[in-house]
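Colleague: I'd like to ask some things about the structure below.
The values are calculated or read from the model by the stated rules, or taken from the named source; none is laboratory data. Please read these numbers as outputs of a predicted model, since none were measured by experiment. Positions of Cβ are backbone-derived with ideal geometry, glycine not excepted, and every protein chain shown enters the neighbour counts.
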Amino acid sequence: MSQRPLHTTRREFLTGGLTCLSSAAVLPFFLGNAARVSAGPEPLPRQKSASDRILVMVQLAGGNDGVNTVIPYEHDLYYKCRRRIAIAKKDVLPLENGLGLHPAARGLKELYDDGKLAIVQGVGYPNHSRNHFASTLIWQTGDPRLELRGGWLGRSLGLVARMIAADRPTRVYYVSMGGFDTHTRQAMRHWRLLAKFGNAMRSFVKRLKADRLLDRVLVVTFSEFGRRVQENAGGGTDHGEAAPMFLIGSKLHPGIHEKHPSLATLHRGALIPGCDFRRVYADILCRWLGMNPQKVLGPGFAPLRLIAA
């Protein structure tokens, strides 16, 4: 296995305009706490083992338009609601069950075809906030009530300590890509964003495979909210609720998970979440980080079966 670090510069970590924040920077609460606790005092250099797990969280900041990312191209209502910004059927990259990816997201399609991509549809939380700051904070803390300011991993320090004692350090990275708040002139802006994002993910996976690190890395993407179904007068979309999440790695149950939200039954013009994001977190905690999700998230969030290892 290559002894090169996972990344040596922010530019190398993910190309294409994504910014990597180390644990020394301002991480989301759950990531920062986990990184600081896991790191502890500066450790002595040691040989990396195949069991070391790495979690990379990628935020598509601004509120990614999930409807034009994972496209319900066989639904007529999609085209009725988006006469100017809808993606033509002939251009959609087909996946399964009448769904396909935006044509700019060829990097994601390659990962999907290679069995390295899982898509969770309709993710959100009850009483969804459409405020950028508040909703981002909810995703970062895992608490829609915003009562647990220490974050959902911050509540599991004992578990993290036991993982360290068992020589199972977990390294966590947080990456943010902005620009997804597409209120106006969305078509070309979103095209460029998805091309940049998909190409960055594809390049990252290729680098990991070349370094024989891919089995150790799980990439999880989220956006603070999705967009409304109906396009607006400015050729864009306004703040919504549910949006898809992407998980990327070699230890996944790939493909599409959960149902696409209804385009007809909406909440204030937005897709209604059908999957609580804490169920995704629970699977990450349980099957990737080796933690008891109930001790972190509380009861009632059954892990989705996304991770195969």
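Colleague: Could you list, in sequence order, the residues of region 84-114 that are under 19 Å from M245 (Cα atoms), surrounded by 17 or more Cβ atoms within 10 Å (Cβ to Cβ) and in contact with a His (Cβ under 9 Å, 6 or more places away or on another chain)?
Modeller: Of everything in region 84-114, those that are under 19 Å from M245 (Cα atoms), surrounded by 17 or more Cβ atoms within 10 Å (Cβ to Cβ) and in contact with a His (Cβ under 9 Å, 6 or more places away or on another chain) turn out to be V92, L93, L99, H102, A104, L108.
Colleague: Name, by its number, the condition in (1) outside any loop (DSSP other than H, G, I, E, B); (2) more than 18 Å from the chain's Cα centre (by Cα); (3) closer than 29 Å to K206 by Cα that does not hold for K295.
Modeller: (3)
Colleague: Scan region 269-282 and tell me whether some residue there is in a strand (DSSP E or B) and within 20 Å of A61 (Cβ to Cβ).
Modeller: yes
Colleague: Restricting the search to region 115-149, which residues are surrounded by fewer than 21 Cβ atoms within 10 Å (Cβ to Cβ) and within 19 Å of F197 (Cα to Cα)?
Modeller: Matches in region 115-149: G115 only.
Colleague: Can you name every residue in region 198-240 that is of a type in the set (D, E, K, R), touching a helix residue (DSSP H, G or I) at 6+ places or on another chain (Cβ under 9 Å) and assigned to a loop (DSSP other than H, G, I, E, B)?
Modeller: If the condition is that a residue be of a type in the set (D, E, K, R), touching a helix residue (DSSP H, G or I) at 6+ places or on another chain (Cβ under 9 Å) and assigned to a loop (DSSP other than H, G, I, E, B), then E224, E231 are the ones that fit.
Colleague: Among the residues of region 229-244, how many are buried (at least 24 other Cβ atoms within 10 Å of the Cβ) and not small (G, A, S)?
Modeller: Residues flagged as buried (at least 24 other Cβ atoms within 10 Å of the Cβ) and not small (G, A, S) within region 229-244 amount to 3.
Colleague: Looking at the structure I just gave you, is D181 at pLDDT 95 or above and under 17 Å from the mean Cα position of the chain (by Cα)?
Modeller: Here the answer is yes, as D181 does meet what is asked.
Colleague: Filter region 253-283 down to residues that are among the aliphatic types (A, V, I, L, M), surrounded by 22 or more Cβ atoms within 10 Å (Cβ to Cβ) and touching a Leu at 6+ places or on another chain (Cβ under 8 Å), then give me how many there are.
Modeller: 3
Colleague: Among the residues of region 51-109 satisfying the criterion of being polar (S, T, N, Q) and outside any strand (DSSP E or B), which is nearest to G198 (Cα to Cα)?
Modeller: My answer is T69.
Colleague: Among the residues of region 231-255, what is the count of those that are closer than 23 Å to L77 by Cα and either more than 14 Å from the chain's Cα centre (by Cα) or free of Cβ contacts under 8 Å to residues at least 12 places away in the same chain (or both)?
Modeller: So the count comes out to 11.
Colleague: Go through the residues of region 22-43 one by one and say whether even a single one is under 19 Å from the mean Cα position of the chain (by Cα) and either surrounded by fewer than 18 Cβ atoms within 10 Å (Cβ to Cβ) or modelled with pLDDT of 95 or more (or both).
Modeller: yes
Colleague: If a residue has to be among the hydrophobic types (A, V, I, L, M, F, W, C) and outside any strand (DSSP E or B) to count, how many in region 241-257 make the cut?
Modeller: Total satisfying the criteria: 1.
Colleague: Tell me yes or no: at least one residue of region 130-141 is in contact with a helix residue (DSSP H, G or I) (Cβ under 8 Å, 6 or more places away or on another chain) and modelled with pLDDT of 95 or more.
Modeller: no
Colleague: Which residue pairs have Cβ atoms closer than 7 Å, lie 6 or more positions apart in sequence or on different chains, and pair a first residue in region 211-230 that is in contact (Cβ under 8 Å) with a residue 12 or more places away in the chain and among the β-branched types (V, I, T) with a second residue that is crowded, with 21+ Cβ neighbours inside 10 Å and part of a loop (DSSP other than H, G, I, E, B)?
Modeller: Going by the 7 Å Cβ cut-off, the qualifying pairs are V217/G249; V219/G249; V229/L271.
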